[in-house]
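See structure below.
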Amino acid sequence: MISRPLEEIVTSQEKMLARLGKNGKINHLSAAQLANTFQTQLNQIEKFIGLGRTRVGGDRGHIFVHKVCYHDALACPLSVASQVNRFLGGSLDEAKMATAIEPSLHHERS
């Protein structure tokens, strides 16, 4: 799971929609309302998966989650790739994983 400041997400979405010619509010929500809606949904997801614990049990089986900070991935892609690789069992090519991160695509900053 990647975490990124909600303000950046909302601004990025608004600019993407503007580039696509779909100016205006997203689903008739202001930026503040959209950020609040996103935060509520994130809280629900984190509660459901029990973020902060290693796994969630019960009838749904087990959900394993590794949280990555968006800005850490941009600043230190090899380090984040190493963390993700360990989480996934350690058999992946971390150098290749790190090259998938494109800092040049990061336009919105908080």
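The values are calculated or read from the model by the stated rules, or taken from the named source; none is laboratory data. Since the structure is predicted, the reported quantities are computational estimates derived from the model, not experimental observations. Neighbour counts run over all protein chains shown; Cβ positions are idealised from the backbone, glycine included.
Which of the residues that make up the stretch 51-105 are assigned to a helix (DSSP H, G or I) and modelled with pLDDT under 85?
Selection gives 103, 104, 105.
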The residue that is farthest from residue 83 (Cα to Cα), considering only those in the stretch 26-50 that are at pLDDT below 80, touching a helix residue (DSSP H, G or I) at 6+ places or on another chain (Cβ under 8 Å) and surrounded by 11 or more Cβ atoms within 10 Å (Cβ to Cβ), is 29
